[in-house]
Amino acid sequence: MLALIEPGDEVIIPAPYWLSYPEMVKLAGGVGLIIVQTASIAYKITPDQLRESLTTNTKLFILNSPSNPTGVVYTPTEIKALAEVVEQDILVVSDENA
C-alpha cells in the first residue's frame, strides 16, 4: 500500500475482508471504502457495485479470491467483468490465497 497509494487516495475493499486491509490503507494515509457483500450475492462484489463506488479519488481496488474469510472464488467471467469496470482507471491488488 505504501508504494501504491498516497494520503487521501480511496481504496475499495469488499467486505467481508481480511482484517488487515483497512489498516494497511490507513497506514499509507489512504481512505478505505468498505463495500459490504451479502449471502444473497454470494459475498461477491458486482460490477455495478464497483462502478457505483468509484470516485475521482479512487486509486485502488482490492480483489481477494479465494476470499479470506468466506472462501468465495470469483469465476474468470466475474473477474473479467470487474476488470472492465476498472480498466485504465484504477489499480487492482489481487490477493490470491493458494
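Considering segment 1-35, the residues that are more than 11 Å from the chain's Cα centre (by Cα) and outside any loop (DSSP other than H, G, I, E, B) include one that is nearest to Asn57 (Cα to Cα), namely Val31. Of the residues Ala83, Ala39, which is over 21 Å from Glu10 (Cα atoms) and either of a type in the set (Lys, Arg) or free of Cβ contacts under 8 Å to residues at least 12 places away in the same chain (or both)? It is Ala39. Restricting attention to segment 36-83, the residues that are out of contact with any helix residue (DSSP H, G or I) (no Cβ under 9 Å at 6 or more places or on another chain) and not β-branched (Val, Ile, Thr) add up to 16. Within segment 57-72, residues that are over 15 Å from Ile41 (Cα atoms) sit with their Cβ atoms under 8 Å from residues that are surrounded by 14 or more Cβ atoms within 10 Å (Cβ to Cβ) and small (Gly, Ala, Ser), at 6+ positions apart or across chains, in these pairs: Lys59/Gly30; Leu60/Gly30. For segment 37-53, the candidate set comprises residues that are modelled with pLDDT under 95, aliphatic (A, V, I, L, M) and outside any loop (DSSP other than H, G, I, E, B); within that set, the residue that is surrounded by the fewest Cβ atoms within 10 Å (Cβ to Cβ) is Ala39.
The set of residues from segment 54-80 being within 20 Å of Asp9 (Cα to Cα) and either surrounded by fewer than 16 Cβ atoms within 10 Å (Cβ to Cβ) or among the small types (Gly, Ala, Ser) (or both) comprises Thr55, Thr56, Asn57. Scanning segment 1-36 for residues that are surrounded by fewer than 19 Cβ atoms within 10 Å (Cβ to Cβ) and among the β-branched types (Val, Ile, Thr) yields Val31, Ile34, Ile35, Val36.
Selection of segment 68-98 for residues being of a type in the set (Gly, Ala, Ser) and either assigned to a strand (DSSP E or B) or within 11 Å of the chain's Cα centre (by Cα) (or both) yields only Ser94.
The values are calculated or read from the model by the stated rules, or taken from the named source; none is laboratory data. Keep in mind it's a predicted model, so treat the numbers as computed, not measured. Positions of Cβ are generated from backbone atoms using ideal geometry, with glycine treated the same way; all protein chains shown enter the neighbour counts.
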